[in-house]
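Colleague: First, the structure itself, so that you have it in front of you.
The values are calculated or read from the model by the stated rules, or taken from the named source; none is laboratory data. Keep in mind it's a predicted model, so treat the numbers as computed, not measured. Glycine also receives a Cβ, built like all others from the backbone with ideal geometry; neighbour counts cover every protein chain displayed. Just so you know, the surface numbers come from the protein's heavy atoms only, side chains and all, with ligands and any DNA or RNA stripped out. Shrake-Rupley method; radii C 1.70, N 1.55, O 1.52, S 1.80 Å.
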Amino acid sequence: MLLTVPGLDNSGPAHWQTLWENEDDRCARVELGLWDRPSPLPWAGRLNAAVAMASRPVVLIAHSLGCHAVAWWSMFDDALTHKVAGALLVAPPEVDDMPIDERLRPFAPTARARLPFPSILAASRNDPYATFGRAKRMARIWGSRLVDAGALGHINADSRIGNWPYGRYLLDRLIAGITPSPRPLLPGGAVETLQQHEPATLALGR
């Protein structure tokens with residue numbers, strides 16, 4: 001199951017998160033509420049409730065302040081983090097030093113704990129909400145693989161990226177990396193099984 005976690009002011013109809021939800025039946029939005037006046041505890045609680053309701057392993061797809069919501073939730077409510085298979089974190093904003101919007105301050109200081117699941121952090125080179133250096137620091141704190149998404153602003157609807165195909169590629173790579181390989185039909189695999197039986201077959205033919 002794919003759960004999108006929007007940021008400040010929610011994601012509008014032209015945002016890639018919304019477009020992914022419209023295109024993929026597996027994708028649903030976490031209704032965090034308080035979109036214009038967010039706070040870590042209520043957002044963490046609602047994210048926790050959404051994960052608790054999921055009947056299958058969850059992949060979180062967070063944008064902007066939603067990334068900080070994921071980080072804070074993993075610290076506040078770690079009892080359900082085992083249900084999260086991975087997270088794609090996109091364009092987390094700076095919340096500690098001179099955030100661009102005062103409404104980001106309640107999420108300071110940045111949650112300083114490694115995420116207990118695999119994650120990719122995609123950052124833009126010209127994001128007005130955080131320098132690339134700050135994004136690199138957040139990736140290091142959270143244990144995320146940092147990906148340079150290019151110069152895409154805040155990687156939102158204003159970036160004019162439509163459904164952001166590169167983001168879908170990153171999501172596919174994340175899922176591929178956390179999906180177990182299928183077990184072979186024969187113990188040890190077909191090649192090993194054939195090799196084990198080959199000497200006996202040759203002996204019968206002599």
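Colleague: Just checking, which of Leu194, Leu186, Leu152, Leu115 is at pLDDT below 90, surrounded by 10 or more Cβ atoms within 10 Å (Cβ to Cβ) and part of a loop (DSSP other than H, G, I, E, B)?
Modeller: On inspection, the qualifying residue turns out to be Leu186.
Colleague: Does at least one position in the range 92-101 carry a residue that is under 14 Å from Trp43 (Cβ atoms), β-branched (Val, Ile, Thr) and touching a residue at least 60 places away in the same chain (Cβ under 8 Å)?
Modeller: No.
Colleague: Hey, another quick one. Inspect all residues belonging to the range 88-95 and state whether any of them is buried (at least 20 other Cβ atoms within 10 Å of the Cβ), assigned to a helix (DSSP H, G or I) and in contact with a strand residue (DSSP E or B) (Cβ under 9 Å, 6 or more places away or on another chain).
Modeller: No, that holds for no residue.
Colleague: Can I ask one more? Could you grab me the full set of residues in the range 14-60 that are in contact (Cβ under 8 Å) with a residue 24 or more places away in the chain, open to solvent by 70 Å² or more (accessible area, probe 1.4 Å) and either under 16 Å from the mean Cα position of the chain (by Cα) or more than 14 Å from Ser74 (Cα to Cα) (or both)?
Modeller: Result: Glu23, Arg26, Asp36, Arg37, Ser55, Arg56, Pro57.
Colleague: Going through Thr4, Thr81 one at a time, which residue ends up being hydroxyl-bearing (Ser, Thr, Tyr), part of a strand (DSSP E or B) and either in contact with a helix residue (DSSP H, G or I) (Cβ under 7 Å, 6 or more places away or on another chain) or open to solvent by less than 40 Å² (accessible area, probe 1.4 Å) (or both)?
Modeller: Checking each option against the conditions leaves just Thr4.
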